[in-house]
Amino acid sequence: MSSLTVRNVIFRTDELFELQLERGTLQFEPGSCMALFSDSTESRPYSIAAGTGDEILRFLVRRVADGTVSHWLAQRKQGDKVQVSAPFGWFRPGAATGSRSVFIATGTGIAPFLSYLRSNPSCTPELCLYGVRRLVEAFNLEELQRIENFSLALSQEETNDHFYGRVTGLLEQIPFSDDIHYYLCGLDTMIDETSAWLENHGVAYTQIHREIFFYEDEQH
Amino acid sequence: MKMNSTEQWNYTSQQEPRGYIQPQSLEELWFHTGTNCNLRCPFCLEGSKPGDNRIEFLTLADAQRFIDEALLLGVKKFSFTGGEPFVNPEFIPILAAALAHHPCLLLTNATEPLMNQMGAILPLLEQPNSLNFRVSLDHPDPAKHDESRGKGNFRKALDTLGRLHREGFGVSIARHMLPGEDSVAVDQDYAPYFETARVPADLTIIKFPEFHLPGSLPQVAEITETCMTQYLSAERRAAFMCNYSKMIVKKNGQCGVYACTLVDDVDNYDLGKTLHEAMEQRVMLGHHRCYSCFAGGASCSEGS
């Protein structure tokens, strides 16, 4: 366990914020997470949203009800110290060699995909679908909209520019090919529904990669 | 946790000679892949959780050294536990190195770390030896399993168990054993889930009693030399894991050889830096988990 200095805490909404930590000499891969500790030595894993060449670490955090760690992190100020584990992980967007990728995320589940895109600016996915409840909750939208095939789904807000509904309403956009791997990150119900949909459309389960960040019944 | 002195270690609190096992052979070598785990189960006997490094990730170079030494000692099987082994970034190469020589057993929660690496796991079927996955399904009630392991994890583990079986790997499950339970009835309660997963109805079910958290000191009877000779046959004594197996554990950058899979929280059970050295060491039955082996014949091993 080591300790890193807080560079900034940037709130998007009352419950969503980006925590920036000085990186030091830490090495990681896109998809890596780190356990972040509160002062009560409770810890929770958070996925790194920064690129592997960036000088700071970025984490997208949702303050959850009764969440000791997320509440403590939300109160950090520039210069504070945060105890962290070494980076680790088992969800590696775009890592399957010689393959193309489809990314599907909800909420803060976009973090590992941001890390991949920032680490590999010349490698873009075949498709990136991102679902949030309201427009204000979408992290780094301008950056994501530079992807040729990017769609945002808003489940609780109607706008002229984005799909109104859950991200699973966009699954018909998904391309199929033996060399495409599908990476799903975020809400459990999205991941379960999308995994089943992909398998029903003939995608091999070895080409579906999943990482659950939140459960449907935890949502407000 | 440290036991203070040799005197205290060799004798019980009543000053009777403590029971012991003098290891006879190395048939099975266990590797601890690290206490980092994707889950955070409150009962975990290793205290594993995301980011934990009480026991560090084993590397391929670490494992290879002990695989080579174990082969010289006539080992017949390699086994792996964690943490969740598939969180270790070098686990699949380690597994391949071990499977090149002997059958392997691994303990897993069969959730995302394994599921996401199935594409790399399937080629292990081409190895010359068999690989058996022991999947944790703590209770035959998904709600009870998920209460500790996280929502949806019973269903995921069951689904993965079925996929592994259909792909051609060996599978078994591990469950919790509750005091006073009707073990046959509890085992039978898994039948509908086995049917759903399309695994054999007579799948091996390994039952584990409560082992308590690492570093805890529950009150259990102490095992004396007299207990070992008066109450246990030579066959029962030979069945103690510490008689025929050892476990490799990495702490503070160094690998040590521990007496068995259940005692890595007590430094006295670090028996040396090599298997040859460790096999010479008498294993004193002073850990509270030793009583489980004494009373119930608990073992982490299973036939290959």
Margin query: Let me check against my output: what whole-number percent is the relative contact order of segment A:70-145, with C-alpha pairs under 8 Å and at least 6 apart?
Written below: 28 percent
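With n ≥ 4 as the cut-off for DSSP H runs, can you work out [θ] at 222 nm for chain B, using -39500 (n - 2.57) per run divided by the number of residues, rounded to the nearest 500?
Mean residue ellipticity at 222 nm (helix-derived): -8000 deg cm²/dmol.
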Check: So what's the gap between the Cα centers of segment A:130-195 and segment B:148-191, to the nearest angstrom?
Finding: 34 Å
Note to self: Please list, in order along segment A:177-190, the HN-Hα scalar couplings obtained from phi with the Karplus expression 6.51 cos²θ - 1.76 cosθ + 1.60 (θ = phi - 60°), rounded to whole Hz, x for Gly and Pro.
What the structure shows: 6, 5, 9, 9, 9, 10, 10, 10, 8, x, 6, 4, 5, 4
Check: Per the Kirkwood treatment, what hydrodynamic radius in Å, one decimal, follows for chain B from the mean inverse distance over all distinct Cα pairs?
Finding: 19.8 Å
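Is segment B:1-145 best put as rounded, prolate or oblate by its Cα gyration tensor, with a ≥ b ≥ c the root eigenvalues, rounded for a/c under 1.5, and otherwise prolate when a/b is larger than b/c, oblate when not?
The shape class here is oblate.
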Check: Could you give the distance between the Cα centres of segment B:25-56 and segment B:225-290, to the whole Å?
Finding: 17 Å
Check: Taking R0 as 25 Å, what's the FRET efficiency between A:Ala95 and B:Leu213 from their Cβ-Cβ distance, rounded to 0.05?
Finding: 0.10
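Gain in length, B:Asn10 to B:Asn129, computed as 0.36 nm per residue apart minus the alpha-carbon separation, to one decimal in nm?
This chain segment gains 38.8 nm when fully extended.
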Next item on the list: Multiply the residue gap between A:Gln156 and A:Lys81 by 0.36 nm, knock off their C-alpha separation, and tell me the result in nm, one decimal place.
Entry: 23.4 nm
Notebook entry, point to check: In segment A:121-140, which residues have a backbone nitrogen under 11 Å from the label point lying 7 Å from A:Asp54's Cα in the Cα-to-Cβ direction?
Noted result: A:140
Check: Do any of B:Lys207/B:Lys246; A:Lys81/B:Lys49; B:Lys156/B:Lys246; B:Lys49/B:Lys251; B:Lys49/B:Lys250 go past 24 Å between their Cα atoms, and which?
Finding: B:Lys156/B:Lys246
Check: Using a Förster distance of 41 Å, how high is the FRET efficiency between A:Thr5 and B:Ala120, based on the Cβ-Cβ distance and rounded to 0.05?
Finding: 0.65
Notebook entry, point to check: Shape of segment A:120-220 from its Cα gyration tensor (a ≥ b ≥ c, root eigenvalues): rounded if a/c is under 1.5, otherwise prolate when a/b > b/c, or oblate?
Noted result: oblate
Margin query: At 222 nm, what value in deg cm²/dmol follows for chain A if DSSP H runs of at least 4 each add -39500 (n - 2.57) and the sum is divided by all its residues, to the nearest 500?
Written below: -4000 deg cm²/dmol
Check: So between B:Arg198 and B:Gln24, what do we pick up on full extension, going 0.36 nm a residue minus the alpha carbon distance?
Finding: 58.6 nm
Notebook entry, point to check: Relative contact order of segment B:1-159: what whole-number percent is it, with Cα pairs under 8 angstrom and at least 6 residues apart?
Noted result: 20 percent
Next item on the list: Between A:Glu193 and B:Leu71, with labels modelled 7 Å along Cα→Cβ, what's the label distance in nm to one decimal, could you check?
Entry: 5.2 nm
Note to self: Considering all alpha-carbon pairs of chain A, what whole percent are spaced by more than 26 angstrom?
What the structure shows: 33 percent
Checklist line | Per-pair calculated FRET efficiency, R0 = 25 Å: A:Tyr164 and A:Glu142 via Cβ, rounded to 0.05 | finding: 0.75
Next item on the list: Just need log10 I(q)/I(0) for the protein assembly as shown at q = 0.05, 0.07, 0.08, 0.10 Å⁻¹, Debye formula, equal scatterers on the alpha-carbon atoms, no solvent, rounded to two decimals.
Entry: -0.22, -0.42, -0.55, -0.84
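Readers should treat all values here as calculations from the given coordinates under stated rules, not as data from a laboratory. Since we're looking at a predicted model, the values are computed, not measured. Cβ coordinates were reconstructed from backbone atoms using ideal geometry, including for glycine residues, and neighbour counts include every protein chain displayed.
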